[in-house]
Every structure is written in structure tokens, then in C-alpha cells.
Amino acid sequence: MNLDSKIPEGPLSEKWTNYKASQKLVNPANKRKINIIVVGTGLAGASAAASLGAMGFNVDIFCIQDSPRRAHSIAAQGGINAAKNYQNDGDSVERLFRDTIKGGDYRAREANVYRLAEVSGAIIDQCVAQGVPFARDYGGLLDNRSFGGAQVSRTFYARGQTQCQTA
């Protein structure tokens, strides 16, 4: 029996772009007829629900915590990685891709990880637009740090909730 991973064909850097270009769109008149269930209220779930709702879909969101603020994205130590290269330390989509594959013990689906690295900067921008309270430096810009063994500063975090301030 062969497993179908449903990963698009083509070169790694073009798989999801080519796939997206060939997908059928939902007619705007039909959006209210589609019910979408989102499970989880962390950054991914809450952003997906907000974005789909803004596009006109009916969205129901469920969480198992007593409050959405208890979601792993808020309560966990760490943050979210993106290849924005704010610190000018040589970060890039390719470097984030390699680090993420290595960090996952080479078990992740490469096409999916590459796509995540590709859109990581836009994910941070969307989170900021939706009100995620990321830490900021004294100049008001988004702050980031090196985390989890990364050699570059690419982790955006929410100060006062997901990290202890160190000198």
C-alpha cells in the first residue's frame, strides 16, 4: 500500500505556489453557505478563524482551555520564528527551512516546511495586524531573539507572557 502525502509536484521552492495557482476558488456568493470549524485558539487557530471570518465564511472556533488566553501560543515559553532578518545576521527563507528541518530531526515534510519558511514574514505581519502583543524594542520596532539553538535572531515573542527578560 502506498501512502499519498498529497504534496504537490515540482521543485521544492515552487510546489505550493504552483498548487495554489491551480486551485478552484469559492464564489463570493457561496461563502456564507460554507461552515468552517477551527479547533484551537492559539496564534494559528485564532488567525485562521479571524481571516476566514473576514473573508465572509461562517466560522465556529473551539478550544479545550477555559480561556483562549491559555492557548499554547500564549502560555508557552518561546515565540514564533520568521525569516525577517531584522538583526541583519544573515537569516533567510533557506536558512529557516534548513534549521526547521534539522530541528525536527529530518522527519518533517520538506515542501510544507519550505512553504512555512516562505510565508513566515507575512505570518508575523498578519499577527501584528490582528493585535498579537509582540515585544517591542525601545524604538517601537518588533523585538526578536535567538531561541532554541538558532544561530540567528528570528523568534518573535510576547513580552511578559512568554519569556523572562535577561540581560
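The values are calculated or read from the model by the stated rules, or taken from the named source; none is laboratory data. Quick caveat: nothing in here was measured; it's all calculated off a predicted structure. Cβ: placed from backbone, ideal geometry, glycine included. Neighbour counts: every protein chain shown. Heads up: the accessible areas ignore ligands, DNA and RNA and are worked out on the full protein's heavy atoms, side chains in. Shrake-Rupley method; radii C 1.70, N 1.55, O 1.52, S 1.80 Å.
Observations on the structure shown:
- Residue count for the stretch 96-123 under the criterion of being more than 19 Å from Ala48 (Cβ to Cβ), open to solvent by 60 Å² or more (accessible area, probe 1.4 Å) and touching a helix residue (DSSP H, G or I) at 6+ places or on another chain (Cβ under 8 Å): the result is 1.
- Subset of the stretch 29-88 that is in a helix (DSSP H, G or I), touching a strand residue (DSSP E or B) at 6+ places or on another chain (Cβ under 7 Å) and open to solvent by less than 50 Å² (accessible area, probe 1.4 Å) - its residue that is modelled with the lowest pLDDT: Leu43
- Whichever residue in the stretch 124-156 is out of contact with any strand residue (DSSP E or B) (no Cβ under 7 Å at 6 or more places or on another chain) and surrounded by 15 or more Cβ atoms within 10 Å (Cβ to Cβ) and, among such residues, is modelled with the lowest pLDDT: Ala150
- Restricting the stretch 92-131 to residues that are assigned to a helix (DSSP H, G or I), more than 15 Å from Thr155 (Cα to Cα) and among the basic types (Lys, Arg) leaves a set whose member that is farthest from the chain's Cα centre (by Cα) is Lys102.
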